[in-house]
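Reading through the structure tokens given below for one structure.
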């Protein structure tokens, strides 16, 4: 069986190199590189990507072996049906190892066609390293490498403000574009670069904050043999992603013309402020994840897909989303309902096994960031507690007991949090009400004293006692049979 390359395919078009990409990983290849491919196919972009590998080990050699080609499988719910489809992506022209090809890397700065910079170097990648110097070949950190590249660009084109870049960092930190720009300017100061360069960075380059969303499991090692037989060729770079995708770019209007992804039918938005998109994602998608995890896991389920399709938990999570999370958000109801439907379809994806155990890491801090604001705002807006979220909080406290029946739960959290729960649950004489008061009043956990919220401690105590007495399935069934706000739409 032959390996994928341009000799295997006859219709691969060649485009000018218009994008420099830091990162060779699965996510960018299944996300932005795929978007460029789609735009090229529709004759809207006409550009290719040079991929830069910053580590000694990586996929650049394989990328070049395969002439930049790789197969993308998109698997998930599409038009309410499970769909698995694949396509060869041809947007990458070549790869460079910046460690061994630094001169070639800098030479790219002289390419007048180059216009975009993409990056995904992990959240830790956007940080200032005081050890990095302009004379290093290369600098250790991504922002250092980028600053050196921008300085080379500035020098080659003598400060021409028409030769700057549109920069899309995809690292999962808030205000990623602003953070990256600030670090570049910090290097400029640290390296004593001229004032005119700083002015060029600010005037000629557009650092965009971005919000990216697509689940990308990556290389399908468990099914690669079957997929190779289906494809009829060998591909060492096969990548699997879900059908859903979202890119929100916080930047000026001209980006819509230069990066016409929306015109190509992609779920890409150029906006003045992406905070509303982030809020919807954190509250609905991440919030639903966090709310269902302890409930479903303690009910004997193991994956997100099981949690949203099982009779035991399906009604619960749909009610929490529609009746408790959505009513606290100040967006059009139809918009939120459609977003929630997308979220639930993604959770149902039969091709992706997203284990509840793996997303239970640091559950207390996740609850604080993703669910607690909803609970507080719901209480303030409607003058009562959201019963489903309170139940989830009760389940979370029980989850930190560390047992599912006779099975030990591998809890992962900071040592102080684990020690607190271990001590509380090991005291067999302690009343549940006392445990609840101790946990809810701990400001280190929640950032506030939750016992000050009227009736919260009492309701958590009742639910926790019910879970302990009857088990999660029966306690949840009892909750869902109750008449009240858990089954009501609050609008």
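Points worth noting:
- The stretch 256-314-the stretch 173-244 distance, computed between alpha-carbon centres (Å): 20 Å
- Cα-based shape type of the stretch 289-447, given that a ≥ b ≥ c are square roots of the gyration tensor eigenvalues and the cut on a/c is 1.5: oblate
- Sorting the Cα pairs of the stretch 116-227 by distance into bins of 5 Å, from 0 upward, gives 2, 11, 21, 21, 18, 10, 6, 5, 4, 2, 1, 0 percent per bin.
- Label-zone membership for the stretch 323-354, site residue 404, 7 angstrom Cα→C-beta point, backbone N under 20 Å: 347-354
- Length gained when the stretch residue 430-residue 443 is fully extended (0.36 nm per residue, less Cα-Cα span): 2.6 nm
- Where a label projected 7 Å from the Cα of residue 236 along Cα→Cβ would reach, residues of the stretch 46-61 with amide N under 12 Å: 58-61
- In terms of the mean number of neighbouring beta-carbon atoms within 10 Å, the peptides 402-415, 26-39 order highest first as 26-39, 402-415.
- The ranking of 116, 382, 316 from fewest to most other beta carbons within 10 Å of each one's beta carbon is 382, 116, 316.
- Put simply, the stretch 80-129 fits an ellipsoid with semi-axes of 30, 19, 12 Å; these come from the alpha carbon gyration tensor as the roots of five times its eigenvalues, largest first.
- For residue 338 and residue 275, the difference between the fully extended length at 0.36 nm per residue and the C-alpha to C-alpha distance is 20.8 nm.
- Relative to the 2.2 N^0.38 Å rule of thumb, the stretch 203-339 has a C-alpha radius of gyration ratio of 1.34.
- Estimated [θ] at 222 nm from DSSP helical runs (n ≥ 4, -39500 (n - 2.57)) normalised by residues in the chain, nearest 500: -12000 deg cm²/dmol
- Restricting the calculation to Cα atoms, the stretch 204-264 yields a radius of gyration followed by a Dmax of 17.0, 49 Å.
- Computed P(r) (all Cα pairs; the chain; 10 Å bins; percent): 4, 18, 25, 22, 18, 11, 3, 0
- The P(r) of the stretch 17-273 has a tail past 34 Å containing 16 percent of all C-alpha pairs.
- Inter-label distance, nm, simple model (7 Å from Cα along the C-beta direction), residue 191/residue 477: 6.6 nm
- Sites residue 94 and residue 365 - FRET efficiency at Förster radius 41 Å, r taken between beta-carbons, to 0.05: 0.50
- Under the Debye formula (equal points on every Cα, no solvent term), log10 I(q)/I(0) of the stretch 248-294 at q = 0.14, 0.17 Å⁻¹: -0.46, -0.59
- Beta bridge orientation in the chain: antiparallel %, DSSP, nearest 5: 40 percent
- Stokes-Einstein diffusion for the stretch 50-203, with the hydrodynamic radius set to the Kirkwood value over Cα pairs and evaluated at 4 °C in a medium of 1.567 mPa s, equals 76 µm²/s.
- Spatial separation of Cα centroids for the stretch 392-471 and the stretch 46-98, in angstrom: 45 Å
- Where the Cα pairs of the stretch 418-484 fall when distances are cut into 10 Å bins, in %: 19, 44, 32, 5
Each reported figure results from applying straightforward, stated rules to the coordinates on display, with no laboratory input. Keep in mind it's a predicted model, so treat the numbers as computed, not measured. Positions of Cβ are generated from backbone atoms using ideal geometry, with glycine treated the same way; all protein chains shown enter the neighbour counts.
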